[in-house]
Amino acid sequence: MARIPLLQMTGISLTFGGDPVFSGLDLVVQPSDRVALVGRNGSGKSTLMKVMAGLVEPDAGEIVIPPGKSVGYMEQDPVMTGFATLGDYASSGLEPGELYRVERAGEGLKFDPARAVETASGGERRRAALAKLMAEAPDLMLLDEPTNHLDIEAIGWLERELSSTRAAFVLISHDRAFLRELTRATLWIDRGMVRRQERGFEDFEAWRDKVWEEEDSARHKLDRLIKSEGRWAVEGISARRKRNQGRVRALQALRTERAAQIKRQGTAAMSLDSGPKSGRKVIEAKGVTKTYDGKTIVRGFDLTVLRGDRVAFVGPNGVGKTTVLKMLLQQVEPDAGVVQLGTNLEIAVFDQTRAQLDPEMSLWDSLTGDPEMRVSGKADQVMVRGQPRHVVAYLKDFLFDERQARAAVKSLSGGEKARLLVARLMARPSNLLVLDEPTNDLDVETLDLLQELLDDYDGTVLLVSHDRDFLDRVATTTVAMEGDGKATVYPGGWSDYRAQRGENPTEPVEKTKASTPKVKSEVKPKAGLTFSEKHRLEALPAEIARLEAEIGKLNELMADPELYTREPVKFQKATEALVQRQEKLSAAEEEWLLLAEKAEAE
């Protein structure tokens, strides 16, 4: 027996500002569907979701929801007028016997139902909206960036809830790990077209690249055909004018087809200038202790950050990650201990609250009004890494068009605001980047580019993020802040940190009471390898091979006798990199020998 769809859209068309967003769109969502909705920033993902929720009326087409079925949408900017507390808003519409669901969701998502609406932050409001949706339990849930403003524990709770739900859901998220864990189908919006694949996000990028490759091949063939037919039209038409008018019309049709093809949106032309080299030791913290309102943030915390390190800070919201960052930058004094900054530092900060952006100011003024970017006597130019650029040309590098230059910042989507902040950040040279939740609202392609830039950046990076995939791709060191003043330094990214704690890196984080590790009863240590040691022993051969390959390439580079005189800076960098990798190789080989001996003793 055929299933009745939860939602069916037929012939949907929608135009904004004269530009078509969708045209003739057909879409079906079935019971138990778990769908990733992906696409570039500004492609119309949120708009499509609002059309599905009935919040935006299409210009044409039909939307059918069967009687008795419900569709729920998580509001990005929920209207809470008339509600005294977040709990009042989240429980509105529920029966008295269902109010426990709000309390449960509030605990999992870490929002206080008693918080007054007028004093709640934007993140608290979003968590209340998500709790409301989870408590209402509709047949179809529409979730637009639900992990924004959630810490890793809350993301783990939400993953488990959605994994076990019987409801269908459509999900927009920048969090690759979250999408991979939950989705079994993918909707891809690309230049007004919506494609569907019955596979989850895990296979999206391979599918996208194949579609684009086929598109490029077809466009290349069409260009060659137009060129061939155009040559014929010029050279041979006069002798066969009457007979070949059909061929001329066909040529015109080909040209019309080519002109109608919509060019793919490129990636932002982002680049980082690491500026002057900092000293080798960037930050050294010894015995740092800090307490706020009786709550211990860190106690006896030690950390050494060397040039080129990528240090990630992870932990629950409110545990004090931003406070630790400010202490490391000497913006906040510790109660005890000392923080020393290295020499020749130039610091650039990406602020997750977007506080650096005035919502009433235009994009143009946001750049030209920045004292560090202003060009004296030139109202239409900005200083970009020491060179003047026209403000519109620079905005185009970050995928803004000329019409947006004079628009207010408040008209931008979350992803566009993030891109504007990145544009400001990358205009100035720096050798220490501080990135506080940089991945929020960025699309997959821009995240890939940001990761590549950080890989090539010669400076040092301090990073706060709840995006597990991004942490694995970028971080070389992870500082886990676990509450009660405990902050532990682990080598590697998120998965390395989980493995070293004896946890399965592929499993969602289990919430633990008071955000502290579970206390294990005292047992006699077992002989042989622990889980984390077995994981490390398996990973070391690949790490050793990679280091050997990198050392081989560096040796080849430095074998050039002219390198020192021709490119002394490059020679110096290669020398430092070679020493660093040889030290890492020696340590990795020694660690492998110790673990191998321990394994043989089992």
Of LYS132/LYS295; LYS281/LYS553; LYS290/LYS326; LYS290/LYS486, which sit over 20 Å apart, Cα to Cα? LYS132/LYS295; LYS281/LYS553
Could you work out how far the C-alpha centroid of region 139-177 sits from that of region 350-402, in angstrom? 35 Å
In the structure shown, of LYS110/LYS321; LYS277/LYS378; LYS45/LYS410; LYS221/LYS396, the pairs separated by more than 25 angstrom at the C-alpha atoms are LYS277/LYS378; LYS221/LYS396
Kirkwood Rh, region 531-600, all Cα pairs: how many Å? 13.5 Å
Could you compute the net charge surrounding GLY279? Neighbours are other residues with a C-beta less than 14 Å from the C-beta of GLY279; K and R count +1, D and E count -1. -1
Treat each spin label as a single point 7 Å out from the Cα along the C-beta direction, and report the LEU99 to GLN8 distance in nm. 4.1 nm
Compare the peptides 573-582, 301-310, 149-158 by average per-residue count of other Cβ atoms within 10 angstrom and give them in order, highest first. 149-158, 301-310, 573-582
Could you give the length gained on full extension between GLU284 and HIS390, defined as 0.36 nm per residue of separation minus the Cα-Cα distance, in nm? 34.1 nm
Gain in span if fully extended, ARG184 to LYS221, counting 0.36 nm per residue against the direct Cα distance: 9.9 nm
Computed from the beta carbon distance with a Förster radius of 51 Å, FRET efficiency for ASP59 and THR575 to the nearest 0.05 stands at 0.20
Where both partners of a DSSP beta bridge lie in region 7-206, what percent of those bridges are antiparallel, to the nearest 5? 50 percent
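Read the figures in this text as sums done on the coordinates, not as results from a lab. If you're wondering where the values come from, they're calculated on a predicted model, not measured in any experiment. Virtual Cβ from ideal backbone geometry, glycine too; neighbours counted across all protein chains shown.
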